[in-house]
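Right, one structure below, let's go through it.
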Amino acid sequence: MNAEVLPIKTAAETALAEEFAAARGHMPGGRAVAAQREEAFRRFQATGLPSRRVEEWKYTDLRALMRDAKPLATPPTARALQPQAVGDALPDIAAHSVAIVNGVFAPAWSDVAAGDPAVTITELFAWIADNLAAYQDLVAQESNLATALNTAFVTGGVVVRVRKDACVAKPIHLAYRFIGDAPAAMYPRTLVFVEPGAQVTLIETYDGPAGLDYQVNGAVALVVGEGARVERIKIGDEGAAALHISTVLTSIGAKADYREFTFTTGGAVTRNQLFLRSTGDAAKIRIAGANLLKGRQHVDSTLVIDHAARGCESRGVFQGKIVVRPGAQKTDGRMMTQALLLSDKAESDNKPELEIFADDVQCGHGATSGRLDENLLFYLKARGIPAKEAEALLIQAFVGEAIDGIAHEGMRELLSARVATWLEARR
């Protein structure tokens with residue numbers, strides 16, 4: 001007699017099932033997206049939350065780290081959405097602001113009307129109503145557990161389109177914010193279409209109350225057209241108790257130039273997932289990032305770059321995987337993870353991988369971790385610099401090497417200032 005052994009559901013898995021059963025009938029999008037929601041939640045239920053036994057989640061045991069699941073965030077009231085700016089997340093940066101508050105588009109906090117005529121912003125479900133087949137195709141390409149949960153619970157977001165050959169002078173600032181005084185979860189989704197030859201800088205910021213235990217599961221689908229130039233910068237400054245999961249799925253066309261930088265300082269548990277696929281020849285991809293952590297913070301940066309075309313270049317500066325498909329000759333793919341450990345209790349787990357199915361390629365990876373160089377510290381202290389200031393100078397130089405790769409000058413300066421603030425608080 002064969003008995004099927006079913007894993008015991010965690011409190012978080014049980015809460016997610018109860019929340020989905022209660023919310024499924026009145027979530028936005030109606031029947032148009034109901035089938036996608038149901039299928040996505042079935043995929044989640046088939047496996048449950050990933051544990052360290054799942055290779056892709058080896059260093060982030062979400063089954064253990066996610067002790068419960070928060071109820072869906074309530075859309076902010078009209079009073080809470082009285083017109084106000086979200087520019088405080090990017091002081092001194094001139095940008096077109098698009099606010100997503102508690103998981104829904106907030107026009108009153110956005111300056112869409114004053115934006116560039118080459119850019120259109122549409123509320124997610126309004127776009128889906130006219131483009132259901134396109135949305136279904138996007139969802140069908142997703143296989144990650146985090147995006148399955150996002151698809152099941154998505155409550156809103158925006159669709160951004162940048163017209164062909166446009167050069168958008170100001171960055172587009174996608175400001176994700178949680179407001180409220182009770183624990184909750186938000187599931188925003190953003191679709192970005194950058195048409196061929198266009199140039200744009202996308203900046204995403206995430207923030208919320210410092211002491212509130214809330215959860216974010218965000219997803220971004222980004223399509224970069226042939227010959228386009230895109231720089232995406234993500235700043236994670238969540239509250240100290242927040243759990244944050246972010247998934248980016250990017251398709252990059254021929255001869256496109258794509259840059260990505262992720263900067264994380266906040267949140268209790270953060271997982272940044274990047275899945276990038278080069279679909280046309282001679283695309284260039286540069287991925288970098290910096291995580292400034294203290295106490296019991298946990299940040300997981302997981303990257304997969306899939307080269308499916310010839311002559312592409314990629315640069316990765318944190319853990320991840322580079323895949324070179326058959327026929328993707330002349331690929332130049334390199335990856336480096338560097339960690340600076342400032343405490344005996346600090347830990348860095350590096351797992352660079354290469355999967356190569358072509359022979360005419362140049363690929364390599366590396367990983368380093370260590371303490372501050374004692375010789376350099378002695379050199380600075382011997383010249384009269386106090387020990388704490390000497391340490392700060394070396395840390396700032398270490399992080400600054402990654403920040404220097406950002407093309408937008410204002411963002412380089414802003415993030416350098418954030419590093420200095422973090423170092424000051426560390427003293």
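The values are calculated or read from the model by the stated rules, or taken from the named source; none is laboratory data. Just so you know, these numbers come straight off a predicted model, no measurement behind them. Neighbour counts run over all protein chains shown; Cβ positions are idealised from the backbone, glycine included. Only protein heavy atoms, including side chains, enter the accessible area calculation; ligands, DNA and RNA are left aside. Shrake-Rupley method; radii C 1.70, N 1.55, O 1.52, S 1.80 Å.
Numbers at a glance
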| item | result |
| --- | --- |
| Residue identified as within 28 Å of R412 (Cα to Cα) and open to solvent by 60 Å² or more (accessible area, probe 1.4 Å) among D111, D137, D165, D116 | D165 |
| Condition broken by D130, with the remaining ones in (1) farther than 18 Å from Q273 by Cα; (2) buried (at least 20 other Cβ atoms within 10 Å of the Cβ) satisfied | (2) |
| Whichever residue in the range 226-244 is touching a strand residue (DSSP E or B) at 6+ places or on another chain (Cβ under 6 Å) and open to solvent by 10 Å² or more (accessible area, probe 1.4 Å) and, among such residues, is nearest to R271 (Cα to Cα) | L243 |
| Any helices (runs of 4 or more DSSP H) falling wholly within the range 1-100 and containing at least 2 residues that are closer than 18 Å to A146 by Cβ, open to solvent by less than 80 Å² (accessible area, probe 1.4 Å) and at pLDDT 95 or above | 11-23, 31-47 |
| Identity of the residue in the range 168-217, of a type in the set (D, E, K, R) and surrounded by fewer than 24 Cβ atoms within 10 Å (Cβ to Cβ), that ends up farthest from I235 (Cα to Cα) | E195 |
| Sole exception among (1) modelled with pLDDT under 90; (2) open to solvent by less than 60 Å² (accessible area, probe 1.4 Å) for F153, by number | (1) |
| Among residues of the range 173-191, those that are assigned to a strand (DSSP E or B) and under 16 Å from the mean Cα position of the chain (by Cα), counted | 10 |
| Residue match in the range 260-275 (condition: part of a loop (DSSP other than H, G, I, E, B), touching a Lys or Arg at 6+ places or on another chain (Cβ under 9 Å) and of a type in the set (F, W, Y)) | no |
| Candidate set from the range 368-427 (those that are outside any helix (DSSP H, G or I), among the small types (G, A, S) and within 24 Å of I287 (Cα to Cα)); member that is modelled with the highest pLDDT | A407 |
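The rows are residues; the columns are (1) part of a strand (DSSP E or B); (2) within 27 Å of W422 (Cα to Cα); (3) modelled with pLDDT under 95.
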{"residue": "F193", "(1), (2), (3)": "yes, no, no"}
{"residue": "D213", "(1), (2), (3)": "no, yes, yes"}
{"residue": "G218", "(1), (2), (3)": "yes, yes, no"}
{"residue": "G239", "(1), (2), (3)": "no, yes, yes"}
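Each row is one residue, and each column tells you yes or no for (1) open to solvent by less than 10 Å² (accessible area, probe 1.4 Å); (2) at pLDDT 95 or above; (3) among the β-branched types (V, I, T).
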residue	(1), (2), (3)
L222	yes, yes, no
T264	yes, no, yes
R271	yes, no, no
L276	yes, no, no
T279	no, no, yes
A282	no, no, no
G289	no, no, no
L293	no, no, no
